[in-house]
Amino acid sequence: MTWNRRWRSAGLVALPTGVVLALMAFPAPLPAGQVAPDKNSRQVTFARDIAPILQRSCQTCHRPDSVAPMSMLTYEDARPWAKAMKFRTGLRNKPYAMPPWFIEKNVGIQQYKGDISLSDEEIEQIARWADSGAPRGNPADMPPPRKFLDASEWQIGKPDLIVSSPSVTVKATSPDWWGPIGETPTGATEDRYVAAVEMKEVNDLQKRSDRQTIGGLHVFHHLIWFAIGGEGAQASDGQGWPIHEVGRNADFFDPDAGRLLKAGSKLVFPSAHVHALGADTTARLEIGFKFHPKGYQPKKKVRSVDLTATLDLDIRPLEANQKIEAYSTLTENTKVVAFEPHMHAAGVRMCLDAIWGTTVQTLSCSGYNHGWVRIYTYADDAAPLLPKGTILRVTGYFDNTPANKNVVDPRNWSGLGHRSIDNMLINIGQTISLTDEEFQQEMAQRRQRLHLTGGQTVLGCPLCGYSKIPVATVGSQPQ
Ligand code: HEC
């Protein structure tokens, strides 16, 4: 590629400063007809380029009556926000990025379900659109408007069953409160396996116009719940449901590991954490269940949550980039279904590594914003398959300085605790335990689907490239 062409196609920003200055002093003429305008040099317009991005990655929230403070449905709605859109999308995976999806793209596994993130090219297009006066373009290029189910659309589709928690009332300026909030019968009349679950806070303040942040929308910081009871229920049936956290997206379970919701069962809510919003608020959680078809039987055992966490937190005042690690050892062969960083206000980033013998793999790294606790569910062919004995390492990064707007007073030291001004370091990773046989089967499928040749290493599956693995003796040489 000649300098001429780069000058025209990539724009000034892509060139080293010295080159730009040289070109500005001696602009070389372009030979007539040599370079046809490509898509990097043509004008970026709302109708053709930006509207499709907003429809896919922004409008679920940025439309009237959804969670975001302003709409991005039309050109008129979006135009005033052009510069802010450039800024927030340009943050990529940093804590205030939009859309709120913080997986780092230069490290770890890149295939996740429900990924709403933007490609580098889309981020670049939004920036160029904002910088060139945010033109509308030709209205005929507009894609047809996206259809939404209704103002409270569910990411899992229309639930087959919605169970509401009891309501709690939080006074305008009351302190944080923790505790149990009771139970609700599910009303389920037959045993059904659950394919996906989604939790939404419903409160009487949500239509208020003066709210600024996602935190100003919700009183629930978290709500832990279980499904218990029902015909023939075992004590262990009470396990295995995701925790609601503020800003959380939906959970899609492994298709082979649906979770049982028994006829006659009830949901119990033993641990809520609520905080005041500045006005008296009555709130509850709606839990939407999407069922597998009748007659479905799961093929695998769910081991719900694998909490890799540490109690030993020592977060110093007025210091950025503080790094703390937590470890756990897998006692069974494990498929990691989801990565869910949970920290508190000072947290800004988390990484998850798998260590098997001398193999160390970074599975995922993501930015973290305590107003947006996200779960990242791996795509089926990318979910880590780890042999027993693997050590999981979680590394949390904390920014306890005024640069982190979530921290109320960064002059304070903080340690482990329940309040948002205290801290936590947990990966609430959902996992499935596999017998040696199931583990071999899953790896054989992966080998086939990904066309792996002997000995090839795959990210997230240290042994997938081998056809014969002595899984029973951890650490022995694969063949
Ligand atoms: C999951 C919901 C959700 C999605 C998806 C989402 N946003 Fe947002 N957005 C919000 C909420 C809530 C806020 C206000 C709170 C905050 O800033 O975190 C916000 C704030 C913003 C702001 C800040 C406005 C200001 O006051 O400066 C911009 C700009 C923005 N979003 C752009 C986008 C763009 C562009 C996309 C898509 C590429 C997007 N958002 C996707 C929910 C969302």
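The values are calculated or read from the model by the stated rules, or taken from the named source; none is laboratory data. All values derive from a computational prediction rather than experimental measurement. Because the Cβ atoms are built from the backbone with ideal geometry, glycine has one as well, and the counts that use them run over all protein chains shown. Keep in mind that these areas ignore ligands, DNA and RNA; they rest on the heavy atoms of the full protein, side chains included. Shrake-Rupley method; radii C 1.70, N 1.55, O 1.52, S 1.80 Å.
Less than 19 Å apart at the alpha-carbon level, and either on another chain or at least 8 residues along: which aspartates and glutamates does that give for Lys290? Within reach: Asp150, Glu153, Asp160, Glu190, Asp191, Glu198, Glu201, Asp237, Asp251, Asp254, Asp256, Asp380. Inter-label distance, Arg419 to Ala320: 2.7 nm, where each label sits 7 Å from its Cα along the C-beta direction. In loop segments of region 132-175 as defined by DSSP, the trypsin sites (Lys or Arg not before Pro) with at most 13 further C-beta atoms inside 10 Å of their C-beta are Lys147, Lys171.
Pairs exceeding 28 Å between alpha-carbon atoms, taken from Lys147/Lys171; Lys299/Lys388; Lys200/Lys405; Lys200/Lys323: Lys147/Lys171; Lys200/Lys323. Between beta-carbons, use under 13 Å as the cut-off and find the net charge around Val408, counting Lys and Arg +1, Asp and Glu -1. Every neighbour counted, the sum reads 0.
Under 16 Å between alpha carbons, and skipping anything fewer than 8 positions from Lys105 in its own chain: which aspartates and glutamates qualify? Cross-link targets: Asp115, Asp120, Glu121, Glu122, Glu124, Asp353.
Taken along its principal axes, the alpha carbon cloud of region 43-141 reaches lengths of 40, 32, 22 Å, longest axis first.
Return, ordered by residue number, the residues of region 256-279 whose backbone nitrogen is under 19 Å from a label point located 7 Å along Cα→Cβ of Thr189. Counting backbone N atoms under 19 Å from the label point, the list is 261-267. Remark: accessible surface ordering of His342, His275, His451 (largest first) is His451, His275, His342, probe radius 1.4 Å. Applying 1/(1 + (r/R0)^6) with r as the Cβ-Cβ distance of Leu307 and Thr401 and R0 = 35 angstrom yields a FRET efficiency of 0.80. Around the amide H of Tyr466, modelled in the peptide plane, lie the amide H atoms of Gly455, all under 5 Å away and 5 or more residues distant in sequence or on another chain.
Residues Lys158, Lys86, sorted by accessible area with the largest first, give Lys158, Lys86 [1.4 Å probe; ligands and nucleic acids excluded]. Per residue, the accessible area of region 304-434 comes to 35 Å² when a 1.4 Å probe rolls over the protein heavy atoms. With R₀ fixed at 51 Å, the C-beta to C-beta distance from Gln448 to Thr169 puts the FRET efficiency at about 0.40. Restricting region 255-323 to trypsin sites (Lys or Arg not before Pro) that sit in a DSSP loop and have at most 15 other Cβ atoms within 10 Å of their own Cβ leaves Lys294, Lys299. If the Kirkwood radius is taken over C-alpha pairs of region 362-464, then at 4 °C and 1.567 mPa s the Stokes-Einstein diffusion coefficient equals 77 µm²/s.
Seen from Phe439, the other residues with C-beta closer than 10 Å to its C-beta sum to a net charge of -3, counting Lys and Arg as +1 and Asp and Glu as -1.
Annotation for region 270-340 versus region 389-448: alpha-carbon center distance of 9 Å. The slack between Gln43 and Asp380, meaning 0.36 nm per residue of separation minus the straight C-alpha distance, is 117.5 nm. A 1.4 Å probe run over the protein chains yields, for region 43-141, 46 Å² of accessible area per residue, whole-number rounding. Considering Cα pairs under 8 angstrom that are at least six residues apart, work out the relative contact order of region 43-141 and quote it in whole percent. Value for region 43-141: 40 percent. The residues neighbouring Leu450, those whose beta-carbon lies less than 13 Å from its own, together hold a net charge of 0 under the Lys/Arg +1, Asp/Glu -1 convention.
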